[in-house]
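Accompanying notes for the structure given below.
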Amino acid sequence: MLRVDDAQAAPVTFSPELIKQFDDIVSRYPVGKQKSALLPILHLVQAEYGWLSAPVMDKVAEYLQLQSIEVYEVATFYSMYFMRPQGKYVLEVCRTGPCCLVGAEKIMDYIEQKLGVKEGEVTPDGLFSWRGVECLAACGFGPVLQIGPEYTFYENLTEQSVDTLISDLKAKSNN
Amino acid sequence: MARKLLLEHINVPGINTFDVYRQKGGYAAVEKALKTLTPEEIVEEVKKSGLRGRGGAGFPTGMKWSFLAKPEGVARYLVCNADESEPGTFKDRYLMTYIPHLLIEGMIVSSFALGAHASYIYVRGEMMPQIRILEKAIAEAKAKGFLGKNILGTGYDLELYVQPGGGAYICGEETALLESLEGKRGNPRIKPPFPAIAGLYGCPTVVNNVESIAAVVPIINEGGEEYAKVGVGRSTGTKLISAGGNVKKPGVYEIDLGLPVEEFLYSDEYCGGIANGKRLKAVVAGGSSVPILPANLFLKTINGDARLMSYESLADGGFVSGTMMGSGGFIAFDEDQCIVRNTWNFTRFYHHESCGQCSPCREGTGWMEKVLHRLEYGHGKMSDMDLLVDVSKKIEGNTICPLGDAAAWPVASAIRHFRDEFEWHVTNGAEAVKRNYGLAHYADPLPKPEAV
């Protein structure tokens with residue numbers, strides 16, 4: 001899962017604004033328990049870089065005074081952290097039972113056909129990737145999908161609403 | 001219409017803001033608790049209320065609180081479990097989105113009762129919008145003097161923080177949640193020690209579900225005894241039910257425990273019946289982990305009594321003919337749904353979400369997924385059903401945390417109640433990929449049990 005080749009990539013520096021956000025998070029925990037800040041910091045870093053490369057995680061480890069492996073083992077455990085580059089917009093469609101009862105599988109097929117890439121792949125323009133994810137706790141409003149890093153939520157999906165969503169995102173990225 | 005204890009003001013415009021929530025009587029429980037009650041008295045009220053944990057296990061909240069160790073000079077923590085991920089359940093998302101101050105108010109009262117001065121709300125990472133909502137609500141409450149130092153001049157200090165998860169169902173298990181909150185992989189801990197003795201950072205900790213903590217507010221406002229008058233028997237109070245699947249009106253409903261399931265499913269006040277004029281085939285009553293029941297066994301118990309939405313009635317008949325209240329994730333299946341496909345889907349979920357710590361769960365869930373996949377796609381064997389039951393039995397009870405049981409029960413119950421549909425997938429493999437088995441006899445009236 002971990003991209004080892006990136007270990008040779010250029011070292012990363014975090015902006016002062018980002019470091020300030022890190023400091024704020026660390027202040028929520030007792031002194032010496034800064035490791036608790038790891039998950040929230042990884043979210044911030046992923047929002048900044050789009051995914052978590054080894055150099056980025058090494059830098060997080062350095063900031064939190066952890067071994068790099070402590071960051072890698074956490075990042076690879078949780079499903080929200082990307083271990084490889086993604087499209088600018090990642091469409092994450094719920095694929096669990098209740099959403100499937102109301103047509104999630106058809107929506108995933110439609111997205112695959114519409115974007116022309118398989119699950120986990122990135123469109124040639126770098127704008128989109130998509131994947132099925134497990135239950136998003138919105139079972140009454142399925143099919144649903146979310147788009148990070150804000151994790152905006154789209155409910156009661158239809159082919160038409162997926163069309164609108166994708167064209168809106170394309171327009172947004174052109175501006 | 002029953003009285004709502006949690007969602008009474010849910011439709012009031014602006015109820016998500018401090019000012020409107022306060023106008024509607026919000027934060028009265030904080031004033032009452034901090035100014036007129038001792039922590040012990042609050043714990044006593046919660047005990048009297050009979051409130052049972054709303055996250056799924058149904059353990060009495062007051063009792064859980066009374067187990068909290070109180071060694072001198074050691075910090076105590078309250079952690080709210082908002083890692084709502086049980087398929088079928090979306091009540092906590094609803095509550096946090098529309099009436100976030102109810103949770104904040106409950107957290108303040110509960111933290112005071114437990115002697116915590118820093119409390120955390122662990123929200124699943126995917127719920128970033130809800131995290132932003134809660135952080136705003138906390139800032140509002142703090143600006144009004146309900147959080148921070150010397151709350152309402154009572155000398156009580158409390159800081160409340162929101163912690164995002166990283167996307168892992170297992171973190172809904174309380175010890176995995178604590179590991180995750182400590183910045184580690186969400187591997188459940190071996191118990192004992194229980195969190196009440198050694199939880200967050202090794203300190204005494206209580207972990208409660210969002211809805212349990214919210215329920216503390218009406219309990220303090222009205223008194224534990226009043227709260228206990230709602231409901232039936234040991235199922236006291238109201239419960240949020242997330243209704244999904246093929247019902248006409250999906251959504252979150254607050255019900256008095258003890259409501260007949262038939263009324264919940266078919267009355268216009270609640271689900272409004274099955275969508276598109278179809279008939280009910282099966283129900284998962286409490287989230288994907290609880291046993292699935294065919295329509296006939298769900299609506300009436302094996303003895304022919306009307307089933308109620310209560311912990312006891314849903315569990316009537318044990319796992320032979322009953323199910324569980326769980327987290328209140330109510331999933332209805334119409335006549336067009338395939339039980340084999342759904343069981344495969346749920347098993348894929350558990351395989352994906354197994355933390356990998358215990359081999360029966362790590363290997364067993366994957367094995368069951370594979371077997372169910374071949375059954376669904378018409379390549380199954382008659383011996384597969386017994387194989388699935390065998391694997392599920394070897395997972396159940398042999399793992400550190402209940403995820404193993406949660407993965408085993410849906411499979412075992414689906415085969416118990418829908419065996420002929422599984423067999424049809426073997427005998428009619430080519431047909432099974434093209435069409436579903438249909439309603440079959442699953443809604444037919446049950447034969448009367450023989451007199452003993």
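Quick rundown of the values:
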quantity: Separation of the B:LYS370 and A:LEU18 label points, Cα + 7 Å toward Cβ, nm; calculated: 4.1
quantity: For the range B:374-390, Karplus couplings with θ = phi - 60° (6.51, -1.76, 1.60), whole Hz, Gly/Pro x; calculated: 6, 5, 4, 9, x, 10, x, 10, 4, 6, 5, 5, 5, 4, 4, 4, 4
quantity: Under 17 Å from the Cα of B:LYS278 - lysines, other chains or at least 8 residues apart; calculated: B:LYS248, B:LYS249
quantity: Average beta carbon contacts from partner chains per residue of A:73-80, 10 Å cutoff; calculated: 6
quantity: DSSP-defined beta bridges in chain B - what % are antiparallel, rounded to 5; calculated: 50
quantity: Kirkwood hydrodynamic radius of chain B, from inverse mean 1/r over distinct Cα pairs, in Å; calculated: 22.8
quantity: 3J(HN,Hα) from dihedral phi, the range A:107-121, Karplus parametrisation 6.51/-1.76/1.60, rounded to Hz, x for glycine, proline; calculated: 5, 5, 4, 5, 5, 4, 5, 5, 7, x, 10, 6, 3, x, 8
quantity: Set A:LYS170/B:LYS136; B:LYS48/B:LYS144; A:LYS172/B:LYS144; B:LYS239/B:LYS300 screened for pairs whose C-alpha atoms are more than 27 Å apart; calculated: A:LYS170/B:LYS136; B:LYS48/B:LYS144; A:LYS172/B:LYS144
quantity: Test item: Cα-centred dipole of the protein assembly as shown, Lys/Arg +1 and Asp/Glu -1 on Cβ, debye; calculated: 340
quantity: For the range B:1-96, projected area of the alpha-carbon convex hull averaged over all directions, nm²; calculated: 8.8
quantity: Environment charge of A:GLY126, counting only residues whose C-beta is closer than 15 Å and scoring Lys/Arg +1, Asp/Glu -1; calculated: +2
quantity: Scattering curve values for the range A:67-175, log₁₀ I(q)/I(0), Debye with Cα scatterers, q = 0.10, 0.16, 0.19, 0.21 Å⁻¹; calculated: -0.30, -0.72, -0.97, -1.14
quantity: Distance between modelled label sites at A:GLU62 and B:MET382, nm, 7 Å Cα→Cβ extension; calculated: 6.7
quantity: Debye, to nearest 20: dipole size of the range B:298-365, +1 on Lys, Arg Cβ, -1 on Asp, Glu Cβ; calculated: 180
quantity: Given charges at Cβ of Lys, Arg, Asp, Glu: the protein assembly as shown dipole, positive-most of A:PRO30, B:GLY277, B:THR38; calculated: B:THR38
quantity: Largest-first principal axis extents of the Cα set of the range B:18-229 (Å); calculated: 41, 37, 36
quantity: Nonlocal amide H pairs with B:ILE292, under 5 Å, H built at 1.01 Å; calculated: B:SER413, B:ALA414
quantity: Rg(Cα)/(2.2 N^0.38 Å) for the range B:152-258, N = residue count; calculated: 1.36
quantity: Calculated log₁₀ intensity ratio I(q)/I(0) where the Debye formula runs over C-alpha points of the range A:4-77, q = 0.17, 0.27, 0.28 Å⁻¹; calculated: -0.59, -1.47, -1.56
quantity: Charge sum, other residues only, whose C-beta stays under 10 Å from B:GLN337's C-beta, Lys/Arg counted +1 and Asp/Glu -1; calculated: 0
quantity: Eligible lysines near B:LYS394 by straight Cα distance, threshold 19 Å, same-chain separation 8 or greater; calculated: B:LYS370
quantity: Sum of side-chain charges, B:ASP305 neighbourhood, beta-carbon under 13 Å (Lys, Arg +1; Asp, Glu -1); calculated: 0
quantity: For the range B:339-432, projected area of the alpha-carbon convex hull averaged over all directions, nm²; calculated: 4.9
quantity: Ellipticity estimate at 222 nm from DSSP helix runs (n ≥ 4, -39,500 (n - 2.57)) divided over chain B, nearest 500; calculated: -12500 deg cm²/dmol
quantity: Partner aspartates and glutamates for A:LYS114 [C-alpha distance under 13 Å; skip if fewer than 8 residues away on the same chain]; calculated: A:GLU159, A:ASP163
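No lab work stands behind these numbers, since they all come straight from the coordinates. All figures in this text were calculated on a predicted structure; none of them were measured in a lab. All Cβ positions, glycine included, derive from the backbone under ideal geometry; neighbour counts span all protein chains shown.
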